[in-house]
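Below is one structure, written out as structure tokens; comments come after it.
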Amino acid sequence: MKKSDELKIAISEKSREINQFQDNGEMSKAVAAADELNKLVDECKVALAKESADFKNFMANATQVTTPAVDTAKLRNRAFNKLVFGFGSLTDEERGAYFNVSGSPGQPAQVESIPAKGGYLVPEEQMRTLQEFRKAYVALKDYVTVVSTNTTSGKWATFPAQDLEFQSFAELTNIAESDLTFGQATYLIEDRGLIIPVSKQLTDDADVDILSVVGRQLAEGAVKTENKAILNPLNTLITGDTGSGITAATAITSYKKLNQAMFKDLDATYYNDCKIYTNQDGFWWLSDLDDAQNRPLFVPDVVEPNKYRYRGKEIVVIPNSTLPNTEVSSDTFAPFFIGSLPSYITLFERQGMELSTSSELYFRQYGIALRAVIRFGVVVTDPSAMVALKVKL
């Protein structure tokens, strides 16, 4: 393990220790621990700088032989663009670079049968471009369990919390048996699409990585679509349109009820993986909270200052446009979801993004319609893994 990683772990442990001291009112110990925390943070910065310098020196001094990897990626992108935009037949080198790859899910090796559908799966190199663009947005897909599947529908085994206990037994006697309880979730893959106009002048260059040009639009559209599908079952907890066994959102006005939801109402099984999901207004409400000693309950993460925590739990902020407030009579409520989203929701996706084109839709504009299709389905796999609240603003 790198020195910086060891220090990050130590920083997290020290932060939890400080929180514990504060909760117990042991302020002198908290102050002493805070000094130790500052030293750890300084050591971590030094370690990161040294590791970065060591890596640069290694790369500068290492004897490297130029490999054809870059050329292969370029050939693969060129072949992909030819197939999608109809630039002509593939050369032997392009065909080899595009089709002769691993047949794992989402790889171009699977696409030889795709033309009947009118599209081609995006190569892995260009998918990485989309992944980079996705980082600019809050993608809830990163917080749920994702399962790849090759079927459009099916059943998935779930494992609710088990009440198992080892039983004592005497020498040479039978060991007590116990049953495991299994659940089952049914998933259905839905096709979702988006059309983007692209100029013909741009697509005439077969070497262009088309996703570097329209990637932001595709990434934003994919994230918005996935977020909406993931939030749909969560929003039913706020509106009260819930299924059997699911508790609807409780209206609260103080942080003590928030603590109750996290420490008591949420099954302890999910506490370690617990996060707080809210919108911008809920984030603002949290930022204004103080305890009885006027200490802020809302603090930045020591290691990642762009993230914030409440009682040590990460706060995931979703835009108001994606997760709006609810209006009841003349009151406005901000939504809060507390728990383990990977346990609560599973996203089943089939293959990767599929692209195809048509020159007819934008004929007058001398452009090409680029159609992107993603295929996935969202299933609630463990309703007990999430508690919903709505905070009166």
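Quick notes on this structure:
- One residue from ASP142, ASP163 being at pLDDT 85 or above and acidic (Asp, Glu): ASP142
- Pairs meeting the criteria (first residue in segment 248-271 and acidic (Asp, Glu), second residue surrounded by 13 or more Cβ atoms within 10 Å (Cβ to Cβ), beta carbons under 7 Å, at least 6 apart or on different chains) are ASP265/VAL387; ASP267/ALA161; ASP267/SER384.
- Selection status of SER340, modelled with pLDDT of 85 or more and closer than 19 Å to THR250 by Cβ: yes
- Hits in segment 11-32 (condition: among the aliphatic types (A, V, I, L, M) and surrounded by fewer than 17 Cβ atoms within 10 Å (Cβ to Cβ)): MET27, VAL31, ALA32
- Taken together, the residues in segment 304-332 that are over 20 Å from LEU234 (Cα atoms), open to solvent by less than 40 Å² (accessible area, probe 1.4 Å) and in contact with a Lys or Arg (Cβ under 7 Å, 6 or more places away or on another chain) amount to 1.
- Checked against (1) farther than 20 Å from ILE9 by Cβ; (2) in a strand (DSSP E or B), GLU314 passes all but a single condition, namely (1).
- Test result for ARG371, open to solvent by 40 Å² or more (accessible area, probe 1.4 Å), closer than 30 Å to LEU121 by Cβ and in contact with a strand residue (DSSP E or B) (Cβ under 6 Å, 6 or more places away or on another chain): yes
- Where a residue in segment 221-236 is free of Cβ contacts under 8 Å to residues at least 24 places away in the same chain and its partner, wherever it lies, is open to solvent by 30 Å² or more (accessible area, probe 1.4 Å) and of a type in the set (S, T, N, Q), with Cβ under 6 Å and at least six apart: THR236/THR242
- The listed residues are LEU355, LEU361, LEU370, LEU347, and the only one of them that is outside any strand (DSSP E or B), under 26 Å from ALA219 (Cβ atoms), in contact (Cβ under 8 Å) with a residue 40 or more places away in the chain and not acidic (Asp, Glu) turns out to be LEU361.
The values are calculated or read from the model by the stated rules, or taken from the named source; none is laboratory data. Remember, predicted model here, so these are calculated numbers, not experimental data. Neighbour counts run over all protein chains shown; Cβ positions are idealised from the backbone, glycine included. Just the protein is used for accessible areas: all its heavy atoms, side chains included, with ligands, DNA and RNA removed. Shrake-Rupley method; radii C 1.70, N 1.55, O 1.52, S 1.80 Å.
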